[in-house]
Every structure is written in C-alpha cells, then in structure tokens.
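Trainee: This is the structure I want to talk about, given as structure tokens.
No lab work stands behind these numbers, since they all come straight from the coordinates. Here the structure is a predicted model, which is why all the values come from computation and not from measurement. For neighbour counting, all protein chains shown are included, and Cβ atoms are generated from backbone atoms with ideal geometry for every residue, glycine included.
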Amino acid sequence: MWPTATLLAPNIFNVLFILGTTSMIQPIDMPAQIAAFDIWVMLATTGLLVYFARTGARIQRWEGGVFMACYVAYTGLFDLHRLSMNTAACP
C-alpha cells in the first residue's frame, strides 16, 4: 500500500495543484479531441490499473506487458491520426 500511495500522491498533487493554479491565472481551453477520445482512454487505463492492482499485491510482468501494448497502440493511433490530418490538409 505505501509504495502505491508514495507514487500516486505526488502525481495527483501535481496535476490538481499545478493545473488548478494555472487555470486560476489563465483559463485553459480543452481541445475537443481530449473530450472526445483521450479522456476515455485515460479512464479505461485507470480502470485496468485498478483491476490489476486488486487481483494481486503487485502488478505482474504480463500485466505490465498489457500496459506497454496499450501504450504502443495508443501512440500508433495518435501518429496515424496526426499523419492523416496532415495529408488531408495538403492539396
């Protein structure tokens, strides 16, 4: 429990405090892509992490492999989308 809390607490603080302070000074616009797709990917990844964490005290090697595969797939989809947007803009 302690290592998880030690890793999660500073990250949660950084996201909430830094983003909150920044948005109080200058409002931040959220791109539509984040609201449409990326937020669901983050929620699904969080759900997967919670499931893996509840099934055992440690995340096993194969579970880490699942996260790596998800990361590679997400990065690949992001690059494909970015490339398709660039080629669609060119005449």
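Trainee: Please compute, for the alpha-carbon atoms of the range 45-87, the extent along each of the three principal axes and give them in descending order in Å.
Mentor: So the three principal-axis extents are 46, 17, 7 Å.
Trainee: Okay, next question. Measure nothing but the geometry: give the 0 to 90° angle between the long axis through the Cα atoms of 2-13 and the longest principal axis through the Cα atoms of the chain, rounded to 10°.
Mentor: 30 degrees
Trainee: Now, a different point. Tilt of helix 61-89 relative to the longest C-alpha principal axis of the chain, in degrees (0 to 90, nearest 10)?
Mentor: 10 degrees
Trainee: Can you tell me the dipole magnitude for the chain around its Cα centre, using point charges on the Cβ only (Lys, Arg +1; Asp, Glu -1), in Debye to the nearest 20?
Mentor: Here the size comes out at about 300 debye.
Trainee: Using 0.36 nm times the number of residues separating R82 and I12, minus their current alpha carbon distance, what extension gain do you get?
Mentor: 22.3 nm
Trainee: While we're here: Based on the Kirkwood radius over alpha-carbon pairs, what is the Stokes-Einstein translational diffusion coefficient of the chain at 37 °C with 0.692 mPa s viscosity, in µm²/s?
Mentor: 203 µm²/s
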